[in-house]
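Participant: One structure follows; several queries about it will come next.
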Amino acid sequence: MSTEGNRVKTRIVVLEEHPLLRHGITDFLNSQPDMLVCGESDNIRSARDEIARSKPQLLVTALRLGAGDSLEFVKAIKTERPALLILVYSAFEETIFAERALRAGAQGYVMKKAPKEELLGALREVLNGNIYVSRDVGMRAFKKSLELRPEQLSASPGGGVERLSDREMHIFQLLGSGLRNQQIARSLNLSVKTIETHRENIKHKLGLRNSHEMVERATKYVEETFFPSTKGTAGSRGKKKVVRFPAA
């Protein structure tokens, strides 16, 4: 008698705000003989309830979830459920966000533009107890560990967004998406004064003179992250594209 139908499947929850992407990932994973999507969610709040209800072994989560702080969610859920494996997939630049995701507690990071076979390979690596990043990110990290002495780490160039903390990076993205201080404060359940303090820190780390320069820099960063194909094209010249997050 075949044991195919009796095979124990890995239980997975998929967290993605866009229905088409979420359903596509769910269908693909359910087509695997050893995987079962036991829950789906489109936001952090309901994801907590879904994880508690369905008790998955693995969480596949997008990094951009409205105005929600995904890295803080990963940190919190790993504290609550240390055995839960987490694979982050995102459109955000690997060289900046893969390390942040792993430090938050994830076991893997995959770009959304990667083929579905890479997503499947990453999931299997994570389920086998390994950490997954692309070869390029892995090589960069290895070279960095060889080239940088501890005293050099604090002396790196000060112009890059990689110097921002996870919280500062999140606020930077929200500013670039058109949200004001009050909206960001409400979304993150923080005071406006705290947001203003983070803004000052961001300006200092990026070497910017004023808030106008910071918002311009943040807007450009968001545009280049989410609309890279329009960069430098005639059709996009003079048209400002802003990625709007909901003001939760």
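The values are calculated or read from the model by the stated rules, or taken from the named source; none is laboratory data. The model shown is predicted, which means the values in this text are computed figures rather than measured ones. No Cβ is skipped: glycine too gets one built from the backbone with ideal geometry, and neighbour counts run over all protein chains shown. Surface areas here come from the heavy atoms of the whole protein model, side chains and all, with no ligands, DNA or RNA. Shrake-Rupley method; radii C 1.70, N 1.55, O 1.52, S 1.80 Å.
Participant: Pop the C-beta distance of L36 and E93 into the FRET formula with R0 = 30 Å and round what comes out to the nearest 0.05. Walk me through the numbers before you get to the answer.
Facilitator: Values: r = 32 Å, r/R0 = 1.06.
Efficiency at R0 = 30 Å is approximately 0.40.
Participant: To the nearest 10 Å², what's F73's accessible area with a 1.4 Å probe?
Facilitator: We get 10 Å² for F73.
Participant: Heavy atoms of the protein only, probe of 1.4 Å, neighbouring chains included. What is the accessible area of L179 in Å², nearest 10?
Facilitator: 10 Å²
Participant: Continuing with this model, one more query. Determine the alpha carbon to alpha carbon distance for each of K75/K112; K116/K205; K75/K205; K116/K220 and list only those over 26 Å. Don't skip to the answer; put the middle values down first.
Facilitator: Values: K75/K112 21 Å; K116/K205 37 Å; K75/K205 24 Å; K116/K220 29 Å.
Long pairs (Cα-Cα over 26 Å): K116/K205; K116/K220.
Participant: If you wrap a convex hull around the C-alpha atoms of the stretch 20-72 and split its volume per residue, what is the figure in Å³? Walk me through the numbers on the way to the answer.
Facilitator: Working: hull volume 4.3 nm³, N = 53.
Value for the stretch 20-72: 81 Å³ per residue.
Participant: Using a basic spin-label model with each label point 7 Å from the Cα along Cα→Cβ, how many nm lie between R163 and T194?
Facilitator: 2.5 nm
Participant: What's the local net charge at A101, with K and R +1, D and E -1, over the other residues with C-beta under 14 Å away? Present the calculation step by step, with values, prior to reporting the outcome.
Facilitator: Values: positive: R64, K75, K78, R100, R103, K112; negative: D69, E72, E93, E94, E99, E162, D166.
Overall, the nearby charge balance is -1.
Participant: Students often forget the sequence filter, so: which aspartates and glutamates lie under 20 Å Cα-Cα from K203 once same-chain residues fewer than 8 apart are removed?
Facilitator: Straight-line reach from K203, under 20 Å: E162, D166, E168, E213, E216, E223, E224.
Participant: Would you work out what percent of the accessible area of the stretch 63-127, with all protein chains in place, is carbon or sulfur (probe 1.4 Å)?
Facilitator: The nonpolar share, carbon plus sulfur, comes to 53 percent.
Participant: Expected output is a single nm value to one decimal: the length gained when fully extending between E80 and D27, i.e. 0.36 nm times separation in residues minus the C-alpha distance. What is it? Let's see the in-between values first.
Facilitator: Values: separation 53, 0.36 × 53 = 19.08 nm, distance 2.82 nm.
Computed gain between E80 and D27 is 16.3 nm.
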